[in-house]
1. Out of curiosity, is residue 160 under 19 Å from residue 87 (Cα atoms), open to solvent by 40 Å² or more (accessible area, probe 1.4 Å) and not in a loop (DSSP other than H, G, I, E, B)?
2. Considering each of 399, 329 in turn, give the residue that is within 16 Å of the ligand (Cβ to nearest atom), under 25 Å from residue 8 (Cβ atoms) and either exposed (fewer than 12 other Cβ atoms within 10 Å of the Cβ) or not hydrophobic (A, V, I, L, M, F, W, C) (or both).
3. Among 349, 343, which is the only one that is under 22 Å from residue 85 (Cβ atoms), out of contact with any strand residue (DSSP E or B) (no Cβ under 6 Å at 6 or more places or on another chain) and buried (at least 22 other Cβ atoms within 10 Å of the Cβ)?
4. Can you name the helices (runs of 4 or more DSSP H) wholly within the range 28-135 that have at least 3 residues being open to solvent by 60 Å² or more (accessible area, probe 1.4 Å)?
5. Quick test for you: out of 240, 258, 224, pick the one residue that is under 29 Å from the mean Cα position of the chain (by Cα), under 26 Å from residue 328 (Cα atoms) and not small (Gly, Ala, Ser).
6. Of all residues being without any contact (Cβ under 8 Å) to a residue 12 or more places away in the chain and open to solvent by less than 70 Å² (accessible area, probe 1.4 Å) in the range 426-450, which is nearest to residue 473 (Cα to Cα)? Just the residue, please.
7. So if I check each of 158, 167, which one is in contact with a helix residue (DSSP H, G or I) (Cβ under 6 Å, 6 or more places away or on another chain), hydrophobic (A, V, I, L, M, F, W, C) and over 17 Å from residue 116 (Cβ atoms)?
8. Which is of a type in the set (A, V, I, L, M, F, W, C) and within 11 Å of the ligand (Cβ to nearest atom), of 272, 324?
Amino acid sequence: MSQPVDLFKKLTSHCKEYGFIYQSSEIYDGLSAVYDYGPYGVELKNNIKQYWWMAMVQMHENIVGIDAAIFMHPKTWKASGHVDAFNDPLVDNKDSKKRYRADQLIEGAMDKMLEKAEKEVEKAKKRFGDSFDETLYRQTNDRVVKYTEQASEANRRMNEALKTGDMAALKALIEELEIADPETGSRNWTDVRMFNLMFNTQLGNIAGEEGKLYLRPETAQGIFVNFLNVQKTTRQKLPFGIAQIGKAFRNEIVARQFIFRMREFEQMEMQFFIKPGTQQEWYDYWKQARLKWHLALGTPAEKLRFHDHENLAHYADAAVDIQFQFPFGFKELEGIHSRTDFDLSSHQDLSNKKLQYFDPETNENYVPYVLETSIGCDRMFLALMSHALQEEVVGDDEGNTRDVLKLHPALAPVKCAVMPLKRNEPALVDKAKAIFNQLKFSFQCQYDDTGSIGKLYRRQDAIGTPYCITVDFETLENDTVTVRERDSMVQERVSIDKVAGIVQERVDMKQLFV
Ligand code: GAP
């Protein structure tokens with residue numbers, strides 16, 4: 001899998017072919033940016049959620065979970081700022097009638113400038129060999145300096161326009177950079193305008209604005225409005241957190257890149273309530289804690305990086321993304337936001353209900369500050385799959401390859417597969433089924449006799465099963481089986497009563513916390 005684009009194509013077709021992800025309503029030609037998870041997809045997704053829940057709730061005495069409703073009182077979204085400020089800048093191409101996000105078009109143009117600079121550097125590297133001083137070249141070569149400065153100036157102007165809501169300035173930038181419709185090449189653009197990303201629907205028994213309901217664009221607000229309920233019923237003292245996993249909905253203007261940007265997706269969010277003034281300390285703490293969570297899965301450190309926000313969301317005084325190197329480049333995987341007391345104070349003002357904490361140490365009442373960690377479960381799924389899917393040459397024969405999904409065993413959809421060496425030998429089949437019927441009490445396990453043993457191994461490799469247990473003629477003599485490990489393909493002969501223990505040791509979620 002040489003080219004990133006090829007890798008991405010391969011990944012999307014692998015997800016479909018092996019029952020991880022299907023396009024929603026495919027028989028009607030699909031619904032754009034909405035996806036269904038298949039039998040292996042749902043297992044992997046559940047495992048991701050379990051790992052997150054375990055790390056955030058189970059391992060922290062001062063973090064508890066909730067499951068709030070998707071529908072909330074419409075005033076929630078007024079208080080949260082989403083009615084007024086949850087917008088993206090949108091621009092239409094008059095010729096192609098295609099709709100784009102203005103900031104993404106500009107970012108695309110900036111990427112091209114930086115790519116040109118990189119190409120110049122690469123060419124020079126080849127030309128000058130060992131004597132090449134890359135830092136000096138980047139600082140002094142006219143073309144490299146020009147492209148880099150152009151990109152940085154475009155970035156500065158875009159951020160300024162986004163910050164001040166100056167849509168005319170965004171349009172001017174699109175025109176100056178001569179940005180064309182990526183699909184048709186047309187430069188015939190409409191003005192840029194703001195577009196609210198919330199989906200809305202109507203309560204059956206109330207007409208007009210009064211009955212307007214929104215599908216939540218983030219799960220966080222369900223936590224904020226329940227802050228006092230939870231604090232009182234669990235008698236938590238600051239600092240403490242409330243965690244939640246649930247669906248969120250956004251009417252994304254451009255929904256591309258498979259499950260990276262969806263209109264219906266799932267978030268895993270935690271709001272950590274803290275004493276005002278301690279936000280920097282907790283910001284640093286959660287940055288490191290969340291990075292550690294990703295690294296424990298075996299994701300190489302160089303595929304993850306922090307990226308500070310230049311344009312802060314309306315609720316944040318500081319924000320950083322954990323970016324992952326997806327096949328289409330480094331992009332946001334998770335956000336860590338210092339949300340101040342913005343949300344609780346706004347809800348307090350609009351509802352006229354006190355949302356304050358009585359601090360027994362200082363004998364004061366105050367609105368806590370909030371530190372948020374927020375990760376998309378689907379995006380995490382994509383990050384894991386894009387790192388795990390590998391095409392490998394088996395043995396010395398270049399033509400003999402396998403697709404293997406090297407997921408951490410604790411997250412693998414199926415933990416072990418049991419198979420008879422020959423499917424038309426009743427004694428082997430009976431024995432294999434008996435072993436499967438025992439193991440299924442402990443793990444997500446599969447029995448398979450639908451092909452030759454080589455084909456069965458390949459199929460389990462492709463869905464990421466860490467162990468294949470094969471029943472052969474020796475099994476009938478001495479109650480031993482072979483256990484094949486997915487990554488090394490090494491087979492070990494062990495007695496049947498040891499199998500469950502061997503599998504358990506590696507697939508246990510505890511492995512992720514040592
Ligand atoms: N409560 C804060 C919040 O919602 P966000 O940065 O807008 O912040 C948090 O979203 C995370 O949710 C992102 O880092 C991403 O993983 C995920 N996410 C956001 N929009 C998404 C979309 N359209 N499709 C899939 N995941 C999305």
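The values are calculated or read from the model by the stated rules, or taken from the named source; none is laboratory data. This one's a predicted model, so the numbers in the text were calculated from it and none came from an experiment. Here the Cβ positions follow ideal geometry from the backbone for every residue, glycine too, while neighbour counts run over all protein chains shown. Ligands, DNA and RNA are stripped out before the accessible areas are found, and what is left, the full protein with its side chains, is counted by its heavy atoms. Shrake-Rupley method; radii C 1.70, N 1.55, O 1.52, S 1.80 Å.
1. Considered against the rule, which asks whether it is under 19 Å from residue 87 (Cα atoms), open to solvent by 40 Å² or more (accessible area, probe 1.4 Å) and not in a loop (DSSP other than H, G, I, E, B), residue 160 comes out as yes.
2. Exactly one of 399, 329 is within 16 Å of the ligand (Cβ to nearest atom), under 25 Å from residue 8 (Cβ atoms) and either exposed (fewer than 12 other Cβ atoms within 10 Å of the Cβ) or not hydrophobic (A, V, I, L, M, F, W, C) (or both), namely 329.
3. 343
4. Counting at least 3 such residues, we get 39-53, 102-128.
5. Criteria check complete, one pass: 258.
6. Among them, the one singled out is 434.
7. 158
8. Of 272, 324, the one residue that is of a type in the set (A, V, I, L, M, F, W, C) and within 11 Å of the ligand (Cβ to nearest atom) is 324.
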